[in-house]
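Note sheet for the following structure.
The values are calculated or read from the model by the stated rules, or taken from the named source; none is laboratory data. Remember, predicted model here, so these are calculated numbers, not experimental data. Cβ placement follows ideal geometry from the backbone for every residue including glycine, while neighbour counts extend to all protein chains displayed. Surface areas here come from the heavy atoms of the whole protein model, side chains and all, with no ligands, DNA or RNA. Shrake-Rupley method; radii C 1.70, N 1.55, O 1.52, S 1.80 Å.
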Amino acid sequence: MDAMQENLGLVAEETLDPPDWADVQALSHRVIDDAVDYLRDVRDRPVWREMPADVREAFAAPLPRSPAPLAAVYGEVSRTVMSYPMGNTHPRFWSWYMGSSNFTGALGDFLAAIQGSNLGGGNHAAGLMDSQVVNWCKQMLGFPASAGGTLVSGGSMANIIGLTVARNVKAGIDVREHGVAAIEKPLRFYGSEQLHSCHRKAMEALGLGNRALRRIPTDSGLRIDIAALRAAITEDRAAGFKPACVIGTAGTVNTGAIDDLQALAKLAHEEGLWFHVDGCIGALIAIAPENAHRVAGIERADSVALDPHKWLHAPFEVGCALVRDAAAHRGTFAVTPEYLESTPRGLASGEWLHDYGLQTSRGFRALKVWMALKEHGVEKFGRLIDQNIAQAVYLAGLIEAAPQLQLAASPTVNIVCFRYQPGLTGEALKALNTEIMLRLQEQGIAALSDTTVHGEHWLRVAITNHRTRREDLDLLVRETVRLGREIAAEGAVSS
Ligand SMILES: Cc1ncc(COP(=O)(O)O)c(C=O)c1O
């Protein structure tokens, strides 16, 4: 406090900025050095490991009331958070379905936070970049430049955006004003029984209810049965429902099956339905030269959900919703309160990006996607998708060549379902394979997940990973067989 402030009895003002920027600079250099080492050496660490009690306890510590040096805070983060990751940046992480991140994207997230813009909208560079990345997503999928779109937190939100526009366009009334209770005939949405669970959440959140989503049986390849879909639509119309939307899946979460998008586009057109594609897994196959044909027809959708935090490997979170009819998209969400009116010039003269979704404040998700695309070019991302699909074929070949292993089906894209089969059935077989999966995780060898396909339990490998090499898949097969034998010998499970 200077003398004048003291004379006036003024209290010194506080800030979160450091008293000495040089200290922060030195520490930041260390953080960056550590971060580079962390990703460079990821292959040498276990995929996953259980947290010891003292690490767990650290997260029960009470609200800090007094300050601590930033170096000590960083030290604690290194010891706890950084040392016990989920593991999805590791080359042998193949659980559920997620990307493996990338260093440039992480720098993008850092710079986005430093620059600090709120992407609710406004006239600033980050806003233009947000729109540019949406435009790039349109180009990747062959969507028209005139389409609408928005970056959201992930695939689930991207699906909700598309389905909300579908509901409002097909409701036959002004749903925004009058609500779903005023819809004359109950709306029906359709998708295969392999639909991701986020669609159920969407139906519930949209006030339509889970039953408004009719699950259509699938064929032997787990693709939606088009004849069954057509029959269901006819049946529903006769029963007084209003068929509103068909959801095609480009890459199901269980097996990667891709619905016949061309046939769905045709059917939706003939029946007057909205055509939404859940492309969270597979939409980006459109940029993969050897496999793009598998998602042909996606460009005909009314709306698509895609997930740059999967096959573009952007650090979490970023999803993208595209809507062919930009006016319908904006018309579903735009609200202009008096405190967010546009001005002819200045900061409020840019587009209000919050008019395309449910959030008002929005993070600068675009930068991490933009930087990685600029650095590598889209063709490399396409090649990496082809590479993962080829690796899935390679793994399927290894499984078929191992007499102890059983393959559920030839992979469509990058998901391989298999199991260790020593001649067991039912629950005993499931228990044995679950134990293999858990030991693979606990021994830090590989992270797989499991699922049920055609009523049977399978281990599931989803290769959405730019660090995976064929030798990792060789190791997986070797270790699965070793653990299978070990567990069977222990008699831990019985037939
Ligand atoms: C087919 C499909 N749809 C939607 C989602 C949900 O995406 P997110 O986890 O990004 O919300 C997933 C997630 O894996 C998915 O596989």
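The distance linking segment 11-30 with segment 407-445 is 51 Å (Cα centroid to Cα centroid, whole angstrom). First check a/c for segment 1-135, with a ≥ b ≥ c the square roots of the eigenvalues of its C-alpha gyration tensor; if it is under 1.5, answer rounded, and if not, answer prolate when a/b is larger than b/c or oblate otherwise. Note, shape of segment 1-135 comes out oblate. Assign one of three labels to segment 190-252, namely rounded, prolate or oblate, based on the Cα gyration tensor with a ≥ b ≥ c the square roots of its eigenvalues; rounded applies when a/c is under 1.5, prolate when it is not and a/b is larger than b/c, and oblate otherwise. Oblate shape, in that a/c is at least 1.5 and b/c is the bigger or equal ratio. So how many Lys-Lys pairs in the chain land under 19 Å Cα to Cα, not counting same-chain pairs under 8 apart? Summing the qualifying lysine pairs gives 13.
Surface exposure of segment 41-165, expressed per residue as accessible area with a 1.4 Å probe, stands at 48 Å².
Under the convention that each Lys and Arg Cβ holds +1 and each Asp and Glu Cβ holds -1, the size of the dipole of segment 247-380 around its Cα centre is about 420 debye.
The mean sequence separation of alpha-carbon pairs under 8 Å and at least six residues apart, normalised by the residue count of the chain, gives a relative contact order of 21 percent.
Along its three principal directions, the equivalent ellipsoid of segment 173-315 from the Cα gyration tensor extends over semi-axes of 26, 18, 13 Å, largest first. With contacts taken as Cα pairs under 8 Å at a separation of at least 6 residues, segment 365-469 carries a relative contact order of 24 percent.
Kirkwood's formula applied to the C-alpha pairs of segment 335-396 gives a hydrodynamic radius of 15.5 angstrom.
Taking all protein chains as they are arranged and a probe of 1.4 Å, the heavy atoms of Met86 leave approximately 90 Å² accessible to solvent. Average accessible surface for segment 410-481: 36 Å² per residue, computed with a 1.4 Å probe over protein heavy atoms with every protein chain in place. Working note: Cα atoms of segment 249-307, range along each principal axis, descending, whole Å: 31, 22, 17.
Summing Cβ point charges (Lys, Arg +1; Asp, Glu -1) relative to the Cα centre of the chain gives a dipole of roughly 1480 debye.
Measuring with a 1.4 angstrom probe and ignoring ligands and nucleic acids, Tyr97 comes out at about 20 Å² accessible.
Dipole magnitude of segment 211-326 about its Cα centre, charges +1 at Lys/Arg Cβ and -1 at Asp/Glu Cβ only, in debye to the nearest 20?
220
The HN-Hα couplings worked out from phi for segment 473-485 by the Karplus form 6.51 cos²θ - 1.76 cosθ + 1.60 (θ = phi - 60°) are 6, 4, 4, 4, 5, 4, 6, 5, 5, 4, 5, x, 4 Hz, whole numbers, x standing for Gly and Pro. Packing order of peptides 462-470, 217-225, highest average first: 462-470, 217-225 (average count of other Cβ atoms within 10 Å over each peptide's residues).
For the peptides 380-387, 29-36, 280-287, residues were scored by their other Cβ atoms within 10 Å and the scores averaged per peptide; the highest-first order is 280-287, 380-387, 29-36.
Highest average first, the peptides 103-111, 305-313, 180-188 ordered by how many other beta carbon atoms sit within 10 Å of their residues are 305-313, 103-111, 180-188.
When the chain is described by a simple charge dipole with +1 on each Lys and Arg Cβ and -1 on each Asp and Glu Cβ, the residue from Asn118, His354, Leu70 located farthest towards its positive end is His354. Dividing the helix sum by the residues of the chain, where each DSSP H run of 4 or more adds -39500 (n - 2.57), gives a mean residue ellipticity at 222 nm of -13000 deg cm²/dmol. Counting only DSSP beta bridges whose two residues both lie in the chain, roughly 55 percent are antiparallel. Taking amide H as placed 1.01 Å from N in the peptide plane, the amide H of Gly350 sits under 5 Å from that of Gly122, Asn123, each at least 5 places away or on another chain. Taking the full set of protein chains and a 1.4 angstrom probe, give the accessible area of Ser131 in square angstrom, rounded to the nearest 10. Solvent-accessible area, nearest 10 Å²: 40 Å².
Running Debye on the chain with equal point scatterers at the Cα sites and no solvent, what base-10 log of I(q)/I(0) appears at q = 0.09, 0.13 Å⁻¹? Values returned for q = 0.09, 0.13 Å⁻¹ are -0.73, -1.30.
Surface composition of the chain: carbon plus sulfur atoms contribute 54% of the solvent-accessible area (1.4 Å probe, protein chains only, all chains present). Once the 1.4 Å probe is applied to the protein heavy atoms, segment 258-304 comes out at 33 Å² accessible per residue.
How high is the relative contact order of segment 168-241? Use alpha-carbon pairs under 8 Å, at least six apart in sequence, and give a whole percent. Averaging sequence separation for qualifying contacts and normalising by length gives 29 percent for segment 168-241.
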